[in-house]
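Asker: This structure is in structure tokens; I'll ask about it shortly.
The values are calculated or read from the model by the stated rules, or taken from the named source; none is laboratory data. Given the structure is predicted, the values throughout are model-derived calculations rather than measurements. Heads up, the Cβs are rebuilt from the backbone with ideal geometry, glycines too, and the neighbour counts pull from every protein chain shown.
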Amino acid sequence: MLRLFSLVSLRELRLKPGRTALMLGGIVVGVSMVSAIELLNREVVEQFRDSMENASGRAELQLVAPGTDSRLPDELAYDLANVSGVKTALPVIDASVPMADSASRLRLFATDFTNPRAEETYGVTIVGGGDPLEILADPGAALLPEQTARRLSLAVGDTVTVSGAIGRQQFRVAALLAGDGLLAATGEDFLVMDIMAAQRLLALDRLVDRVDIVPFEDASVADIKALLGEAVGHKAQVVTPYGRGNYFANAVSSFQVMVFSLSLLALLTGMFIVYSAVSASVVSRQRAIGTLRAVGVLRREIMLMFAAESVACGVVASTIGCLVGALLARLLSSQLSGAMGVIFQVRAEITASGLDAGVALKAIGLGTLCSLVAALLPAWKAASLHPLEALDDRPSGREALEGSQSRYFSLAAAVLVALVVACIIAEVKFRSIMLGNIASTAWFLAFILASVPAVSWLALRLRPALVHTFGLAGRMASESLARSSRRSAVAVAALALSLATTITFAGLFLSFERSIVGYVGTFMDGDFSVSSRHTRGGWLEEPIDSAILPRVETVPGVDRVETLRLVSGYQYGAARVGLLALSDGFFTVDHYGPWFVEGTASDALPAVRKGAAVLVSENFSRLHGVELGQQLLMNTAEGELDLPVVGIVVDYTSDQGAIVLASRLYAAQWRDPTVNRLHVYTSSSREPAAMRAALVHAVSDREDLKVLSLSSLLEYHSSHVRRAFALAGSLELLMLIVTFAGIVDVLASSVNDRRREFALLSVVGADSRLLTRSVMAESAVLISAGICLGIFGGAVSAWMWVEFHWTWLLGWILELHFPWQATARAALLAAVVATLATWGPARTATRVDTMEALRSD
Amino acid sequence: MIRFKNVHKTFGAGDNQVCAAQGIDLEIPVGQLCGIMGPSGSGKSTLLHIAAGLVDADQGSVSIGARDVSRMTAEELTLMRRREVGVVFQFFNLLPYLDARENVELPLLLDAINTDERRNRATKALEMVGLLHRATHRPPQMSGGEMQRVAIARALVISPRLVLADEPTGNLDSAAGRQIISLLRDINDSTGVTMLVVTHDPVWAANCDRVVRLVDGLVSEDTYLKPRDSVDSETNGRPAVAETGGKNGRKAATALQ
């Protein structure tokens, strides 16, 4: 069999470089997407864990605040040092700070270096020797890892300027950290300083991000964890560094599932291209197949030959795909980081580290299997060809659909649609992401199958119009479509699949953007907003001290100022939800009433304002099964808080849902005086520009603050949503490339199949324009059918994703906004791409060598 | 010996029905070069395709030697073409990307015959058709006559019991056609392989041992051009003039000898 493969298949592959490239290309695109996403997903998990573990030094336990961006009082560290089994407890600030006049950020790490065990816990080793305690006693001193200093071209004695809550601040590089120390070994750009200097820089009044606990060697970590839990009560959570990394990794796992599903869609498209290419190859090679059968090659040997061919192509393409995937992972890493930041409010600086053997093997296996599966049907068709039929050059109408076959395809599509409906019902009932993915895949398969009877139907119905418009060329086109309806359907499906994917992405994007921006614009309104310039990776600004509030309120022209505090990682049961604390002005019937889904705003809002009740978001209610009137038990720094849910509202602040409560209640119960944003309402008498200038002036000593007008705030949110979906843009581009290739291939094989027909027409005097018109008319029908089917398929797919999958996959409940503009743009682009793809085969049609085509060999 | 016994074959249905064979009885002894002639649609090619196992007979049987072709499975028929029956087509059917030697080696390759033996047998077959000097040329670099000679070499390389040729000169000019006729005649003389050749070409008549004429799916004439005993001892004692009339109104053949 290998001999037949090497003698026949390899030569065929070499002889048809375009088709071979397409077969390889289909799998390369799919595998590269899958391996890139797999690499990035792994990297996300690894980097969350490494980041948490490495910066924890030898600490085996950590105390963190209930919310991911909440902080703890530093005194906890001193209180806990006396707990039995605890060797040392160290307060830590672990934050990200921007370098002034630079886009770079440094990871600020600070601890109490007066604690003699700090140096040993974090492996702080000074280059050339030295005591960190002495060096960092100067509040203007900091340490940098050797490699960071090299990268930033800094030496001992130089200064590094960073922006903090109190404005720009310069730190002297007092010494360098040796590369073999725990912190430096992470490879991150740390800026190490004493805890007090960091608190001052970030304006954190005796607050820290966490407390690291180092137990005695002979102590039981589990026992200490239990003791610490008792000691801190509800004020903090006791976690392991590994578990904390896992916690973040788990939080983004649904997003990882989503991007992986999207990458599988790319692989599905790749499979489709392989199917198309192998089908076209079978058509163009039918004479060779007939010859082989005539000289004694068995059906199974033909089948095995094609299978071996597809496996060989699969292995080669998957290997290339893996390499491209590694490259793609590098290119997509910033987009993925951005997307995760916007959706989950976590900073994930993902950098693809390179190809991993496990990922490579998995991707090569998957790609090869897909290539084989895609080739099985065409291979079976090739093996089933009767030798005499295969040796007959005349158009045989083998591709034509009979009524019964057309019905089978329609029936199969209908069965798949029924499966989609069943899966969606089950998805809602069982909250199953997997069922949603099955529904989505089944829907795409359904309209791929539906494209076959659709082309058949169109060829019949459009025949009069084609003949009327294009004359003889139209008739030839309609005959060709009817004769090769299955092959034409492949082109239609490729186009439709690509367009539907684009519309799905665009629909999701628009629904996400409009829902969030609409919410921000009408609910979180005001004329200006004042907030930190910095975020933790997403759209949510870093918390700022609410002490700034009186300064803004007293600016002339300011009517009132409302505050917003969002704790994005509040632990509710096993989930990570949003805790949204709003000042009283937000809780008015006029303002909040329209956002109520359940409950009566006029009754509910006074109770919430008083701190006697809470609201929950629609997705919180759905995901956690909390209903109106139910009591909600929350852990706070002051102990458990049990309040009734008096309203279910629309809210887009967290993917896992949000609890909405009064600012005063939050500040008191969680002991957190910070806010994320001030919404400033001004009197209409002052010019907006002058008003903004006055606000900027009022906070001019705070370099970390920004003042935005409402329109700028909306643009800020829109830009973040666009960042979240930048990944989709890359996928769209890949899809278009694949579509282009697929249509070229299908039309090229159609032309190849009709060489004899063109030659005969040429003999009886048909000119090249007639032949070109015929091919163009055929492609016009294919393109129109593909676009119509794609728009329909995409619209339904977008509806399914927004209404069902997105909720169970990522937690958001969005309003559906159909992307008319994007659809028109994509349809136009697809039409242009497909028309360009037609041009090549149309030219080939006119260049058919008449005598050559009329000869059989 | 190849024997057709009451072979019937109909294509199509209803008004489009075409009877390609309406009860053909024919025996071709070992070593005979038998030409099948007749007008278009008379069933010549169908008869040959049935013998090659490419088309199933609706009724009747075909046997090659002791084996009943009509009872063989599709796989057995394919293996028969690979090992026992060489088929030559009007349109050559060579693989364009293989050179002459590789095309000839193709059936041997399928049986995993070792490279040396394959090479030797292909060389001998190419030598036999006088194309050894073109062994490394590919079909597009050859003339029609040369391509047909390669196809004949491919049929011969398996040392077949039977060679079936479907209008082997139909796609060639007269000079090339004469060369192919002469070649097949020589091969038949030198190897003694049985040959069944479908042709329109009257030149064949003079070169065949026997010419069977079909009309409307029936044998209308069966003419021996060469003494039967010089071809096959199996026919000794039987009349030199084959009387094939009788059933279905078949005409009596004319004996030329």
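Asker: If B:A74 meets every condition in (1) more than 18 Å from B:A155 (Cα to Cα); (2) more than 9 Å from every other protein chain (Cβ to nearest Cβ); (3) of a type in the set (A, V, I, L, M, F, W, C) apart from one, which number is that one?
Answerer: The single condition B:A74 does not satisfy is (2).
Asker: Still on this model: When the residues of segment A:146-167 are narrowed to those that are within 35 Å of the chain's Cα centre (by Cα) and surrounded by fewer than 14 Cβ atoms within 10 Å (Cβ to Cβ), which ends up farthest from A:H534 (Cα to Cα)?
Answerer: By that ranking, first place goes to A:R150.
Asker: Additional query: Does segment B:2-9 include one or more residues that are at positive phi and more than 14 Å from chain A (Cβ to nearest Cβ)? Full working, then the answer.
Answerer: Residues of segment B:2-9 at positive phi: B:6.
Retained after the next criterion (residues that are more than 14 Å from chain A (Cβ to nearest Cβ)): B:6.
The answer is yes, given that some residue of segment B:2-9 is at positive phi and more than 14 Å from chain A (Cβ to nearest Cβ).
Asker: Could you look through segment A:284-296, keep only residues that are within 8 Å of chain B (Cβ to nearest Cβ) and either on the phi > 0 side of the Ramachandran plot or within 48 Å of the chain's Cα centre (by Cα) (or both), and pick out the one that is modelled with the lowest pLDDT?
Answerer: From segment A:284-296, those within 8 Å of chain B (Cβ to nearest Cβ) are A:287-288, A:290-296; that's our starting set.
When the remaining residues are screened for being either on the phi > 0 side of the Ramachandran plot or within 48 Å of the chain's Cα centre (by Cα) (or both), the result is A:287-288, A:296.
Numbers: A:R287: 78, A:A288: 83, A:G296: 85.
Among them, the one singled out is A:R287.
Asker: Could you list, in sequence order, all residues of segment B:114-126 that are assigned to a loop (DSSP other than H, G, I, E, B) and either at the interface with chain A (Cβ under 10 Å from one of its Cβ atoms) or in contact with a Leu (Cβ under 8 Å, 6 or more places away or on another chain) (or both)?
Answerer: Keep residues of segment B:114-126 that are assigned to a loop (DSSP other than H, G, I, E, B), which gives B:114.
Selection gives nothing.
Asker: Here are A:Q345, A:Q335: which of them is more than 14 Å from every other protein chain (Cβ to nearest Cβ), modelled with pLDDT under 80, buried (at least 24 other Cβ atoms within 10 Å of the Cβ) and in contact with a Leu (Cβ under 6 Å, 6 or more places away or on another chain)? Walk me through it before giving the result.
Answerer: Working: A:Q335 fails: buried (at least 24 other Cβ atoms within 10 Å of the Cβ).
Answer to the check: A:Q345.
Asker: Just a yes or no: is a residue in segment A:87-101 more than 32 Å from the chain's Cα centre (by Cα), farther than 13 Å from A:I213 by Cα and surrounded by fewer than 16 Cβ atoms within 10 Å (Cβ to Cβ)?
Answerer: For segment A:87-101, residues more than 32 Å from the chain's Cα centre (by Cα), farther than 13 Å from A:I213 by Cα and surrounded by fewer than 16 Cβ atoms within 10 Å (Cβ to Cβ): absent.
Asker: Of A:L623, A:L582, which residue is modelled with pLDDT of 90 or more and in the same structural domain as A:A668 (by TED's automatic domain parsing)? Spell out the reasoning first.
Answerer: On the way: A:L623 fails: modelled with pLDDT of 90 or more.
Criteria check complete, one pass: A:L582.
Asker: So A:A184 fits all but one of (1) modelled with pLDDT of 80 or more; (2) under 35 Å from the mean Cα position of the chain (by Cα); what number is the exception?
Answerer: (1)
Asker: How about segment A:790-856: which helices (runs of 4 or more DSSP H) wholly inside it have at least 1 residues that are within 14 Å of chain B (Cβ to nearest Cβ) and modelled with pLDDT under 75?
Answerer: On the way: elements: A:806-810, A:820-846, A:850-854.
Output list reads A:850-854.
Asker: Now, a different point. Residues of segment A:467-486 being within 18 Å of A:M776 (Cα to Cα) and surrounded by fewer than 24 Cβ atoms within 10 Å (Cβ to Cβ), which ones? Spell out how you get there, then give the answer.
Answerer: Here is the first cut: in segment A:467-486, the residues within 18 Å of A:M776 (Cα to Cα) are A:467-485.
Once the filter is applied, which keeps residues that are within 18 Å of A:M776 (Cα to Cα) and surrounded by fewer than 24 Cβ atoms within 10 Å (Cβ to Cβ), segment A:467-486 yields A:V467, A:H468, A:T469, A:F470, A:G471, A:L472, A:A473, A:G474, A:R475, A:E479, A:A482, A:R483.
Asker: Find the strands (runs of 3 or more DSSP E) located wholly in segment A:65-179 whose residues include 1 or more that are acidic (D, E), and list them.
Answerer: A:86-98
Asker: So which residues in segment A:609-647 are among the small types (G, A, S) and surrounded by fewer than 13 Cβ atoms within 10 Å (Cβ to Cβ), if there are any at all?
Answerer: Of segment A:609-647, the ones among the small types (G, A, S) are A:611-613, A:617, A:621, A:625, A:629, A:637, A:639, A:647.
Correct list: A:G625, A:G629, A:G639.
Asker: Here is a follow-up. Looking only at segment B:90-111, count every residue that is part of a loop (DSSP other than H, G, I, E, B), buried (at least 22 other Cβ atoms within 10 Å of the Cβ) and more than 7 Å from every other protein chain (Cβ to nearest Cβ) and tell me the total. Reasoning before the result, please.
Answerer: Initially, segment B:90-111 is screened for residues part of a loop (DSSP other than H, G, I, E, B), giving B:90-99, B:111.
Of the ones still in play, those that are also buried (at least 22 other Cβ atoms within 10 Å of the Cβ) are B:92-95.
From the residues that got through so far, the ones that are more than 7 Å from every other protein chain (Cβ to nearest Cβ) too are none.
Adding up the residues that qualify gives 0.
Asker: Taking only pairs six or more apart or across chains, which ones have beta-carbon atoms under 7 Å, a first residue in segment A:133-161 that is touching a residue at least 24 places away in the same chain (Cβ under 8 Å), and a second residue that is surrounded by 17 or more Cβ atoms within 10 Å (Cβ to Cβ) and part of a loop (DSSP other than H, G, I, E, B)?
Answerer: A:L136/A:F113; A:E146/A:V127; A:E146/A:A178; A:T148/A:D189
Asker: Are any residues in segment A:797-832 of a type in the set (V, I, T), closer than 27 Å to A:L458 by Cα and crowded, with 19+ Cβ neighbours inside 10 Å, and if so, which ones? Before the answer, list the steps.
Answerer: Residues of segment A:797-832 that are of a type in the set (V, I, T), as a first pass: A:802, A:807, A:813, A:823, A:832.
Going one step further and asking which of them are closer than 27 Å to A:L458 by Cα, we end up with A:823, A:832.
The answer is A:T823, and nothing else.
Asker: Considering only residues that are away from chain B (no Cβ under 13 Å) and either surrounded by fewer than 20 Cβ atoms within 10 Å (Cβ to Cβ) or of a type outside the set (F, W, Y) (or both), which ones fall in segment A:297-317?
Answerer: As a first pass, look at segment A:297-317 and keep what is away from chain B (no Cβ under 13 Å): A:306-317.
Correct list: A:A307, A:A308, A:E309, A:S310, A:V311, A:A312, A:C313, A:G314, A:V315, A:V316, A:A317.
Asker: Here are B:L79, B:L47, B:L33: which of them is surrounded by 21 or more Cβ atoms within 10 Å (Cβ to Cβ) and either modelled with pLDDT under 90 or within 14 Å of chain A (Cβ to nearest Cβ) (or both)?
Answerer: Exactly one residue qualifies, and that residue is B:L47.
Asker: Further question: When segment A:104-137 is examined, which residues are found to be among the polar types (S, T, N, Q) and under 42 Å from the mean Cα position of the chain (by Cα)? First the steps, then the outcome.
Answerer: Step one: of segment A:104-137, the residues among the polar types (S, T, N, Q) are A:104, A:111, A:114-115, A:121, A:125.
Of everything in segment A:104-137, those that are among the polar types (S, T, N, Q) and under 42 Å from the mean Cα position of the chain (by Cα) turn out to be A:S104, A:T111, A:T121, A:T125.
Asker: Evaluate the following for B:L94: is it in contact (Cβ under 8 Å) with a residue 12 or more places away in the chain and touching a Pro at 6+ places or on another chain (Cβ under 6 Å)? Walk me through how you get there before you give the answer.
Answerer: On the way: in contact (Cβ under 8 Å) with a residue 12 or more places away in the chain: yes; touching a Pro at 6+ places or on another chain (Cβ under 6 Å): yes.
Yes; evaluated as a whole, the condition is true for this residue.
Asker: Follow-up. For segment A:521-637, give me every one of the helices (runs of 4 or more DSSP H) that falls completely inside it and has 2 or more residues that are aliphatic (A, V, I, L, M).
Answerer: Values: elements: A:549-553, A:589-592, A:601-610, A:618-624.
Those helices (runs of 4 or more DSSP H) span A:549-553, A:601-610.
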